[in-house]
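Report on the structure given below.
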Amino acid sequence: MFVLELTYTAPLDRIEAVLGEHIAWLREHYEAGTFLASGRKVPRDGGIILAAGEDRAAIEEITRTDPFTRAGLADYTVTEFLATTTAPALDAYRQQLPS
């Protein structure tokens, strides 16, 4: 499991100009089953995405396809963690510690 934290590197008016493309990109990854939750940070200086996956390189590649990244408007920090405890709605994403 991964926490993707994006931080805006441009003013909000430039973010707003690309927001529709970013939302379409998010929808694509929700439909693929990779993204589980997302939203704006408060204060609005970026966002957070909760992503399912086992391959860090693949997740990092996804962040490079974000329209915000391609336009030079945001940077990503990718944090990998093992989701060993989940709410019942996320049972399918529960992970085991390596032996």
remark   = Residues of the range 2-16 being surrounded by 15 or more Cβ atoms within 10 Å (Cβ to Cβ), of a type in the set (A, V, I, L, M) and under 15 Å from PRO43 (Cα atoms), in sequence order, are LEU6, ILE15
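Evaluate the following for LEU97: is it at pLDDT below 95, over 11 Å from the mean Cα position of the chain (by Cα) and among the aliphatic types (A, V, I, L, M)?
yes
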message = For the range 17-51, which positions are outside any helix (DSSP H, G or I), out of contact with any His (no Cβ under 6 Å at 6 or more places or on another chain) and among the hydrophobic types (A, V, I, L, M, F, W, C)?
response = ALA32, LEU36, ALA37, VAL42, ILE48, ILE49, LEU50, ALA51
message = Condition first: in contact with a Pro (Cβ under 6 Å, 6 or more places away or on another chain) and over 14 Å from ILE49 (Cβ atoms). Now tell me which residues in the range 7-36 satisfy that.
response = VAL18, GLU21
key: the range 42-51, residues that are farther than 9 Å from LEU6 by Cα and surrounded by 11 or more Cβ atoms within 10 Å (Cβ to Cβ)   = LEU50, ALA51
query = From GLU54, GLU61, which residue is over 11 Å from the mean Cα position of the chain (by Cα), assigned to a helix (DSSP H, G or I) and surrounded by fewer than 12 Cβ atoms within 10 Å (Cβ to Cβ)?
reply = GLU61
ask   = Can you tell which of VAL18, VAL3 is more than 17 Å from THR77 (Cα to Cα) and not small (Gly, Ala, Ser)?
value = VAL18
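The values are calculated or read from the model by the stated rules, or taken from the named source; none is laboratory data. Since we're looking at a predicted model, the values are computed, not measured. Cβ atoms come from the backbone with ideal geometry, glycine included; neighbour counts cover every protein chain shown.
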